[in-house]
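Read-outs: derived from the displayed coordinates by stated rules, not from any lab. From a predicted model like this one, the values you see are computed outputs, not experimental measurements. Cβ placement follows ideal geometry from the backbone for every residue including glycine, while neighbour counts extend to all protein chains displayed.
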Amino acid sequence: MGLADNERLGPVCKGGHLWHGHELTLRVKGNCPECQRSRNRYDTEEKRERRRAICRASYARRPYDPELHREKARVARERLKNDPERLEKDRKRRYECNKARRRRLGKVPQEIRRLRKAIRQAGRLPSVAQLVAMEQWRYWRENPEVKRQAKAEQKKHQWRFKYLTSLDLRLYTREKARRRKLRERKQATWKISVLQLRARFSRFDHCCAYCGASGDMQIEHVKPISQGGLHHISNIVPACLSCNYAKHADPMEQWYRSQPFFDPARLALIQSLTGSPETEQLSLGLAC
């Protein structure tokens, strides 16, 4: 019938789960798998804790008796001897359990297995991870300079990960670096906040203002700084790395009209957001 060794057909369960339309229910180790899944689905930690409390109370009322346990085991062995079919099922079950255990242990190196066995035999000792951490802390106490280098390297990797995953940090870092270079050249600068940059980038759907490509956007000055442009929000649009390098110090409109991806609607949007040179010159009094 295509059933496994631990599967059989039994009477209909309380949930009424039928096996392929027959008036029978599939049983796995005596239980209906469908009922088990539904029970686990609606099971909560409170219900599990209540069941554990009931089991603990039951064990407290009926303390463990080694003699009674050995007697029950002897009766079970005698019952298996008198039932060859049940004995064969029990032998297959033990074989499958041992095979699964050997398969799991085969993936673990022998040195790790020996270490785990030694820890189990020694009692309640620290885990392998705790032992490694304790050895690391001891080494750092003896070598504080190595600890400082490791912490610095860890902070560098954490900052790099945050830089790659946070748009706000990328915008803040790039704007700050550009503003620092302009101050070194004795040029007028404005501190542009991350909110202003995000608002400007959102007007272009966080895509390149020229070609419309998506991805990591650069802070592009429409009028180049080398040609008298200002580091001001009225002179900034998002641009991809390719367009930013290709435009370089060329006049924006002349360069953009010569490109194969020229779009009049994008050009009109750029011109409406960047403002006129007169407006930029009037705002020089706000330079910081």
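If R₀ is 25 angstrom, what is the calculated FRET efficiency for the pair Glu96 and Glu67, using the beta carbon separation as r and rounding to 0.05?
Once the sixth-power term is evaluated, E becomes 0.20.
So how much slack lies between Arg198 and Gln218, counting 0.36 nm per residue of separation and subtracting their Cα-Cα distance, in nm?
6.0 nm
If you find the alpha carbon centre of the range 58-77 and of the range 224-275, how far apart are they in angstrom?
The two parts, judged by their Cα centres, are 85 Å apart.
Only one of the listed values, (i) 33.0; (ii) 15.4; (iii) 17.2, was derived from the coordinates as mean projected area of the Cα convex hull in nm²; which label is it?
(i)
Would you mind listing how long the range 108-165 runs along its three principal axes, going by Cα atoms, in whole Å with the largest first?
Extents along the principal axes, in whole Å: 46, 31, 19.
Please get the size of the charge dipole for the chain, origin at its Cα centre, with Cβ charges of +1 on Lys and Arg and -1 on Asp and Glu, quoted in debye to the nearest 20.
2180 debye
Give me the mean projected area, in nm² to one decimal, of the convex hull enclosing the Cα positions of the range 143-288.
10.5 nm²
Taking the 0 to 90 degree range and rounding to the nearest ten, how far is the long axis of helix 144-165 tilted relative to the main principal axis of the chain, both from C-alpha atoms?
70 degrees
Where in the chain lies the longest segment free of trypsin sites (Lys or Arg not before Pro) that are both loop residues by DSSP (not H, G, I, E, B) and have at most 11 other Cβ atoms within 10 Å?
192-288
Please work out the FRET efficiency for the pair Lys81 and Arg8, using the Cβ-Cβ distance as r and a Förster radius of 30 Å; give the result to the nearest 0.05.
Taking R0 as 30 Å, the efficiency between Lys81 and Arg8 is 0.85.
Fewest Cβ neighbours within 10 Å first, please rank Ser127, Ser234 accordingly.
Ascending Cβ contact count within 10 Å gives the list Ser127, Ser234.
May I ask for the angle, rounded to the nearest 10°, between helix 110-122 and the longest principal axis of the chain, with both axes built from Cα atoms and the value confined to 0 to 90°?
Roughly 60 degrees, rounded to the nearest 10.
Using Cα atoms only, what is the angle between the long axis of helix 167-184 and the major principal axis of the chain, expressed in degrees (0 to 90) to the nearest 10?
Tilt relative to the chain: about 30 degrees.
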